[in-house]
Amino acid sequence: MGEHWDRSLRDLAGEAVLETLRDAGTGDVQALYVGNMLAGQLTGQENVATAVADAAGLLPIEAVKIEAACAAGGAAVRAAWLAVASGAHDRVLAVGVEKMTDHFNDSVSAALATAADADYEAAHGISFVALNALLMRRYMHDHGVERRDFAPFSINSHHNAAGNPRAMFRSPIDVDDYMSSPVVADPISILDSAAICDGAAAVMLCPLSEARSYCEDPIRIVASSCATDTVGLAERRDPLVWGAIADSAAAAYAQASVGPDDIDLFELHDAFTIVSALTLEACGFAAPGAGVRLASDGSIGRDGRLPISTLGGLKGRGHPIGASGVYQVVEAFLQLRGAAGAAQIPDVHTAMAQSVGGSGSVAVTHILQN
Amino acid sequence: MQLPRYHRLRRAYYRLEGSRCPACETSYFPPRGICPSCRAGGLQPRSFSGRGTIYSFSRMHQPPRGFSEVGPYTVGMVRLEEGPLVVAQLTDVDGVEVSIGMPVEMVTRKIRENADNGYIVYGYKFRPRMPLPMALAASPEPEEVVL
C-alpha cells in the first residue's frame, strides 16, 4: 500500500495472490475475480483479470474483472462468495488491485469522476470530491455541526494505521493538523480524504466443510449483500440518506441474524469523513445527524463500543480503489483471527466490512465471524 | 465530449428539459426513459423554470483534467422550484458570498471550451437571481426555439 513506482498493476496483484496461496496452503484455485475500477483508464489495460491470472501463474483458470466503482473490491469478494455458495467452484480467489500513481492528480481526478454521473455530474466539471463536499456542507448546515467535528474520524484512522505495517500513513495527526490541512473542495480538505495510491489485496474462499482441511480456525462469511441507489447524487429524495448503504446493511444483518448491536468492529468506507458519518447513520449505529457524535465521544476508537477503520481504514491505510474492499475483508479476517498485531482489537466475534462505490450509489456489505 | 452525445444532451443542457411520467405524473431532471416510481415507459419532455435555491455548494480547488485550465470554481446543488435537485457550476459569483437558501437562476454558459474535436460545449449554470425589475429588463419574453 502506497506509492510503488517500481511495481506494475500485474506485479502488485501477483504478489497479493502468491502470498494468499501460501497462507491458504494450497495452489489449487479454480477461479479468480479481480476487483478493479481504473485499469482501462489509467493503465490502458482492460482484460485485466486475464492479465492478473497470467502474471500470477494461474492460467488457464476462469478469471473475470468485477467493476462497481470504488466498491469493486467488495463486489469481487461477493462474486467469489457467490461462486462458492452456488457450488460452481470450491476454491476461489478474490483479488483487488489498483495502480494510480503513474498519473498526475488531475488525470486521476477525471478518472475517479467516472464513478459519478457522466452527463450530469462529471461533464460539468464536478469532481468526486466536490460531490462529497456538497454533502458535507449540507450535513453541517442541517445538523448544526462544524468542520472540526469531523476531525476525530481522520485522527482515529491515522492513529489506527500506526499499528499496521502495511499502511500508507503511519504517523498520528491531531486537530490542528486536520484544521490546517489544504482544502481540496471546501469544506473537504486533504485530511478528510483518503489518498490516491497503489495496492493489492487478496482472499481465498472455500466451502466451510472444506475449510478445516486447510486451517484449524477458518473465518466464516456469514453474510454478503449488494444494493444500489441512483448514480446521480441529485436524483435522490434526500441526498443525506444513503439508501444503498442502508439496504445493503439491512440485508446483511438479516442473512447473519444479527443487528448493529452485535457488530464488534466495522471496516467502513471512510473515503471522506462525511462518508463515515453518513454510513454510521445508514447502518443503524446512529440517528440522522448523530454520526459525528460517535467519533467525538470515542465510540469509534479501539476501546470504544464500535471500533472502525481498525487498521487505518481508507484514510490511514490508503485507498487503492479496487483493492480497498478486499483490504477491508482481509483486515476483518485478521482481527477475527487475532492476527492484527499492534492493531488487534480484543474479543472480536463479529466483524462487518462495507465497500461503497460512487456517491453512495452501490454498497457491498460482508459480515464475518470466527 | 463526443458530438453525437452532446447532440443527445442538447435539450437538457440548453433549456433544462427533463421528463414527466404520463402514468404517475412524477417529474424528473435529468430526463429518464423509464419511470423509476411506476416503471412506465414513454416519458414526456418537461421543461423547468430554471429558478431555484442553493441546497449546497463547494469551491473546487483541484478541478479534474479538462477543467483545470479555468482554475478554482464554485459548484452547487440547486433545489429547483418544481422540486428536483440539479448539480451544476455556479457563475457570476465572484465577490458574492454564496449561502444555502440563496435564490439562483439558470443561465446558458460555456461548460468546456477546449473539448475534444475543437467545439465548445454549452450548458446550464446557475447565477444569483437578480432583483425582479432588473431581471425583467434583462430578459424579454423568450422566442420559441426548436432544438
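Please treat every number below as a calculation from the coordinates, not as lab data. Since the structure is predicted, the reported quantities are computational estimates derived from the model, not experimental observations. So basically every Cβ, Gly included, is an ideal-geometry build from the backbone, and we count neighbours across all protein chains shown.
For residue A:65, list long-range residues whose amide hydrogen, built 1.01 Å from N in the peptide plane, is under 5 Å from its own amide hydrogen.
Distant-sequence amide H within range of residue A:65: A:34, A:49.
Run the quick spin-label model on residue A:105 and residue B:81: label points 7 Å from Cα toward the beta carbon, then report their separation in nm to one decimal.
So the two model labels end up 4.0 nm from each other.
Quick one: which residues, 5+ away or cross-chain, put their amide H under 5 Å from the amide H of residue B:61? H built at 1.01 Å from N.
A:185, A:186
Taking chain A as a Gaussian network, Cα atoms linked when under 10 Å apart, which of A:115, A:162, A:85 shows the biggest mean-square fluctuation?
So, out of A:115, A:162, A:85, the one fluctuating most is A:85.
Under the rule of at least 5 residues apart or a separate chain, name every residue whose amide H is placed under 5 Å from the amide H of residue A:189.
A:184
GNM on chain A, C-alpha springs below 10 Å: top fluctuator among A:161, A:75, A:83?
Greatest mean-square fluctuation among the candidates belongs to A:83.
For Cα pairs less than 8 Å apart in space and 6+ apart in sequence, what is the mean separation divided by the residue count of chain A, i.e. the relative contact order in percent?
Reported relative contact order: 25 percent.
Above 36 Å lies some portion of the pair distances; for chain A, what is it as a whole percent of all C-alpha pairs?
Result for the distance tail: 14 percent.
Using 0.36 nm times the number of residues separating residue A:370 and residue A:41, minus their current alpha carbon distance, what extension gain do you get?
114.6 nm
For residue A:212 paired with residue B:8, estimate the spin-label separation in nm (one decimal), with each label point 7 Å from Cα along the Cα-to-Cβ line.
5.5
Do any chymotrypsin sites (Phe, Trp or Tyr not before Pro) in segment A:172-266 lie in a loop, going by DSSP, with at most 14 other beta-carbon atoms within 10 Å of their beta carbon, and if so which?
Sites meeting the loop and neighbour criteria: A:214.
For segment A:16-25, what does the Karplus curve 6.51 cos²θ - 1.76 cosθ + 1.60, with θ = phi - 60°, yield as ³J(HN,Hα) per residue in whole Hz, taken in order and with x for Gly and Pro?
5, 5, 4, 4, 5, 5, 4, 5, 6, x
How shielded is A:178-185 by partner chains, expressed as the average number of their Cβ atoms within 10 Å of its Cβ atoms?
Mean shielding count: 3.
State to the nearest 20 debye the size of the charge dipole of chain B about its Cα centre, where the only charges are +1 on K and R beta carbons and -1 on D and E beta carbons.
It comes to approximately 520 debye.
Which of A:1, A:257, A:308 sits farthest toward the positive end of the charge dipole of the protein assembly as shown, with +1 on the Cβ of Lys and Arg and -1 on the Cβ of Asp and Glu?
Of the listed residues, the answer is A:257.
Just add up the charged neighbours of residue A:161: K/R +1, D/E -1, any other residue whose Cβ is under 15 Å from the Cβ of residue A:161.
Local charge sum for residue A:161: 0.
Using 7 Å Cα-to-Cβ label points, what is the residue A:290/residue A:222 separation (nm, one decimal)?
So the label points at residue A:290 and residue A:222 sit 2.4 nm apart.
Tell me, what is the percent relative contact order of segment B:3-126, built from C-alpha pairs under 8 Å that lie six or more residues apart?
Taking the mean separation of contacting Cα pairs over the length of segment B:3-126, I get 21 percent.
Taking a virtual spin label 7 Å from the Cα of residue A:30 along the C-beta vector, which residues in segment A:175-208 bring their backbone nitrogen under 17 Å of it?
A:204-208
Have a look at segment A:39-188 and give its Rg and Dmax from the Cα atoms, expressed in angstrom.
19.4, 57
Of the residues A:252, A:211, A:151, which exhibits the maximal mean-square fluctuation in a Gaussian network model of chain A defined by a 10 Å Cα contact cut-off?
The residue with the greatest mean-square fluctuation here is A:211.
Find out how many positive minus negative residues lie around residue A:186, taking Lys and Arg as positive, Asp and Glu as negative, among other residues whose Cβ is under 15 Å from that of residue A:186.
+2
Would you calculate, for the protein assembly as shown, the mean residue ellipticity at 222 nm contributed by helices, counting each DSSP H stretch of 4 or more residues as -39,500 (n - 2.57) and dividing by all residues, to the nearest 500?
My calculation for the protein assembly as shown gives -9000 deg cm²/dmol from helical runs alone.
Need one value for B:80-93: mean number of C-beta atoms belonging to other chains within 10 Å of its residues' C-beta atoms.
3
Within 10 Å of each Cβ in peptide A:110-123, how many partner chain Cβ atoms are there on average? Round it to a whole number, please.
So the per-residue partner count for this stretch is 4.
Could you give the size of the charge dipole of the protein assembly as shown about its Cα centre, using +1 on the Cβ of each K and R and -1 on the Cβ of each D and E, expressed in debye and rounded to the nearest 20?
Dipole size: approximately 1000 debye.
Within the set of other residues whose C-beta is less than 11 Å from the C-beta of residue A:355, count the net charge using Lys and Arg as +1 and Asp and Glu as -1.
Here the count lands on 0.
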